Amino acid sequence: MSILGSGIFKGMAVTLKNFVGSYFDKERLTTKEYAWRTDDKLPERAGDYPKEEAEQLRDTTTVTHYSRNFPMLLHDKGEPMDTVRCVACQICERECPPQCIYIEKSKDKKERGGNKAQFYPATFDIDVSVCMSCQICVEVCPFDAIVMNSQFELSTPDRFGGLLLRRDDLLKSNDYYHKIHPEEAAARDKRIADEKAAKEAKKKAAEAAKKKAAEAKAKAEAEAKAKEEAESITKPAESTADSPSPPPAEPPVEPDRPKKEGGTE
Amino acid sequence: MTTPNTSPSVELDDTTRAELERAGVIVSKVDFLYNWARGGSVWPLTFGLACCAIEMIASATSRFDISRFGSEVFRPSPRQADLMIVSGTVTKKMAPQVVRIYNQMPEPKWVIAMGACAISGGPFKQGYNVLKGIDRYIPVDVYLPGCPPRPEAVLQSLNYLQEKIRTQDIQSDPAFTGGRRQYPVPKFTGTDLEPPYNPDVWQPPTNPNAPADEEQEKEATA
Amino acid sequence: MTAAAPNYELIQQDGLETSLLEVSMGPHHPSTHGVFRMDVKLDGETVVDLKPVFGYLHRNHEKLAENMSYLASMPFTDRLDYFNSMTNNWAYALAAEQLIEIEIPERAEYLRVIMSELTRLVNHVSLVGFFVNDLGALGTPLLYAFREREKILDLFEQASGARMMCNYFRFGGLRCDVPEGWLDRTREVVDRFPKFLDEYEKLLCENEIILSRTQGVGNLSKELAVSAGITGPMLRASGVNYDIRKVDRYGIYDRFQFQVPYSKGDVGDCYDRFMVRMLEMRESIKILNQALDGIEDGPIMGNAGKVFKPAKAESYGRVEAPKGELGFYLVADGTPKPYRFRVRPPSFINLTVLRDMCIGQQVADAVIILGSIDIVLGEVDR
């Protein structure tokens, strides 16, 4: 600090360098233009904003393929309510730290995508005026039915109706999920497929084992029966009429059937 | 919370109507000019409460640059500000001061409730010391959900507000008709706020899941 | 130690009587870093007495945490000190991990160190920006600070999904692995950071205005700092070499070579506090470089079960948060909810010496002293 004021001039030089640099240097993070594309009509509710586009990933400065904001409900290809993955088990409702999820289980069961008939959410509300975007609902969901959306344009003038995302606002397709979070979605799909394959393999093995056991049992029974018959041949032929008809393998298969259908999930 | 209204909705007789039509042309032009000017220079109040305030500051920095919309002039004094961004948790101890600051702002004035806490108490709404929404005491124009909302979302809510301002009618809007809006400041009694809400501004909502049964019944009967 | 002044004698000159002026600064005041109030008694421009009033952001964090599961409290800890969600997460995870036998994989430990050192960069760089803002340099240094902060927030967002409220740590590891290429991007940011620091130091450290306004202002003696329980950069600025990263060696901090910057003198003024933070950023970059070299592939989650239900026990976990010692004290009673949940907030305890530092200073300097403490009201009031 030899001359008074030299420090200030040094600082001014830095400011000037930054000012000029902001025109050329990418590292200076110049403003990327974000402006909301207004339509003729202002959306009154948060759920009225465009849904099935990954619009928020374009033209914005920091929304990335990893951003999260509020949850959404996933459905597979087809009509949303015919393929929704949620079975209204209400785990997320229970685990949600700020308690912003409200679910009502359906009274009837519905078959979805050729799967076993399951309950579906008759009401599924997320109050985005309470949600803290913590992603715990996604972590606890055993059906991969709820994931995070990155949509952030949700301003509304309506306090109560406008900020309550109802079931139909929350339903988004798996394709949309792939669009906004490609890496995460691919990893999730792979995990689901792996789990399914492992489950099926296990089921197949179990079935094969069961079949084997059943066959062995049937064989044993048949042998026993044959023996019995051989013994009873000398007796009056009353029971011979039904002796070939009872299929011995049937009883063990019976409790197996629902599982088999479930296995096609 | 007025609906966009471009023409006066008062029934008039012919002579005055003719007069007013002449005046109306001028009024609508003044409307346009007024709203264009006001929408392009919304000066927010430097008013940070909690976490969301940091994102509000971030929206003013060079990367997001709120000055592209004419709102970079953050005023520390409520007397010079047009817009109050309630950014963060409003506790019961803080609520009286928030209302007092709102009362000090000159007309026309707007309020953005930014973040879950300002809208409804957010994640802390089960706490004993958190006000469940600032809209219980002052009228809020735009609600911006998120915890915290991204800086782009702040810009979007500002854009939304500007769109709203452009459709305001200076003849019927409360910002111009009734003088400076002032609301009674609640009193913090140490345990709770007195009164719990201002009935002129806020009414308890109806349960959106309750009337569904009635509607279903109506549909069934019809 | 400064004398308190309940019986302050007013100066009488030529038979004219003067009187004390009471000023209430805050809770809505641009320099109070949130909703904080100082009741200041002034004799002219000199601060005679000061009473901090807080509680304007009391959000019942501890009470809420006692009514929810251990995991559900994790996102709430983000909101304590909202600049440093990662270190908050770590302190809480450390406390909870002591309640149960749990092993943390190597990669998770490395990522934890990387995240918390990045957090330290974010905190110190924006603190310096705000501090200079309080001095009257409105805008420019803060804008530069926030520009660098944005680069690190982008990294946080790619790893955890959120810019500020990351909610990234879990008991026994991390929520998810970082995406592909994240470490390379981090290295880029870390490599460029010293260049920015050079520039920032050139801009601020020799500036005559900053020197004359911060040197000799808000002195905090070593004895008072130790007896008041001050921690973090503020303690080191008063000349005590104490850093929990070196003392406790939690995580894998024993593997890294780094120094703890502290003031050699016994002044502890605002300039010391400012410089300690500038130097600490350099050390954080050293740690980051070593961690980025050492990290290897592997799992990121330990053997923790889905349901976290510890037996009857109590634990205290602490980390060196950018503001000081952040500790969580948990009492478990065998249920999925903690029986008692207590936070030791560094900025609250550092705030307790505000009055001692301010008495005898100018009222304009009280603002700087408050800025140099580095408080965040979310943590002070909880």
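The values are calculated or read from the model by the stated rules, or taken from the named source; none is laboratory data. Model, not experiment: these values are computed from the prediction. In this analysis, Cβ positions are derived from the backbone assuming ideal geometry, glycine residues included, and neighbour counts consider all displayed protein chains. When the accessible area is computed, the model is the full protein with side chains, heavy atoms only, and any ligands, DNA or RNA have been set aside. Shrake-Rupley method; radii C 1.70, N 1.55, O 1.52, S 1.80 Å.
What lysines sit close enough to C:K63 to cross-link, taking a C-alpha to C-alpha distance under 20 Å and skipping anything fewer than 8 places away on the same chain?
Once the sequence-local lysines are set aside, what remains near C:K63 is B:K92, B:K93, B:K125, B:K132, C:K309, C:K312, C:K337.
What are the lysines whose alpha-carbon lies under 19 Å from the alpha-carbon of A:K210, with same-chain residues fewer than 8 places away excluded?
A:K199, A:K202, A:K219, A:K259, A:K260
Find which of C:Q215, C:L127, C:A72 sits farthest along the positive direction of the dipole of the range C:61-381, computed with +1 on the beta-carbon of Lys and Arg, -1 on that of Asp and Glu, about the Cα centre.
Ranked along the dipole, the leading option is C:A72.
Work out which helices of chain C, taken as complete DSSP H runs, extend at least 15 Å along their axis over the Cα atoms and score a mean Kyte-Doolittle of 1.6 or more, then list them.
C:363-373
Highest first, please rank the peptides C:45-51, C:167-173 by the mean number of other Cβ atoms sitting within 10 Å of their residues.
With the highest mean Cβ count within 10 Å placed first, the list reads C:167-173, C:45-51.
What total accessible area, in Å², is buried where chains B and C meet, using a 1.4 Å probe and rounding to the nearest 100? Each step should come with its number before you reach the end.
On the way: alone 12970 and 16420 Å², together 26520 Å².
The summed interface area works out to 2900 Å².
Just to confirm, what accessible area per residue do you get for the range C:61-381 at 1.4 Å probe, in whole Å²?
32
Which distance in Å, rounded to a whole number, links the C-alpha centroids of the range C:161-182 and the range C:332-382?
The two parts, judged by their Cα centres, are 27 Å apart.
May I ask you to rank C:C176, B:C51 by accessible area, largest first, using a 1.4 Å probe over the protein chains only?
C:C176, B:C51
Looking only at C:G181, C:G302, C:G26, which one moves most when chain C is put into a Gaussian network model with springs between Cα atoms under 10 Å?
C:G181
State the Cα centre-to-centre distance between the range C:56-71 and the range B:56-88 in whole Å.
When both Cα centres are located, 31 Å separates them.
With every protein chain left in place and a probe of 1.4 Å, what is the accessible surface of C:E22, to the nearest 10 Å²?
For C:E22, the solvent-accessible surface is approximately 140 Å².
Over all distinct alpha-carbon pairs, what is the Kirkwood Rh of the range C:28-165 in angstrom?
When all Cα pairs of the range C:28-165 are included, the Kirkwood radius is 17.8 Å.
Provide Rg over Rh for the protein assembly as shown; use the alpha carbon set for both Rg and the Kirkwood Rh (inverse mean inverse pair distance).
Using only Cα positions, Rg/Rh for the protein assembly as shown is 1.06.
Taking the Cα centre of the range A:155-226 as origin, sum charge times position over the Cβ atoms of Lys and Arg (+1) and Asp and Glu (-1), and report the length of that vector in debye to the nearest 20.
440
Would you pull out the residues with amide H under 5 Å of B:V140's amide H, same chain only if 5 or more places away, H placed 1.01 Å from N?
Those qualifying (amide H under 5 Å, at least 5 residues apart or on another chain) number zero.
Sort all Cα-Cα distances of the range C:61-381 into consecutive 20 angstrom bins from zero, then give the percent of pairs in each bin up to the one containing the longest distance.
Calculated P(r), rounded to whole percents: 33, 57, 10.
Give me a single rounded figure for A:148-155: the average over its residues of other chain Cβ atoms within 10 Å of their Cβ.
That works out to 6 on average.
Could you look at the range C:61-381 and say what percent of its accessible area is carbon and sulfur, using a 1.4 Å probe and all protein chains? If you can, show how the numbers build up before the last one.
Working: 5100 of 10210 Å².
Carbon plus sulfur share of accessible area: 50 percent.
Order B:W202, B:W36, C:W182 by their accessible area, 1.4 angstrom probe, all chains in place, largest first.
Order by accessible area, largest first: B:W36, B:W202, C:W182.
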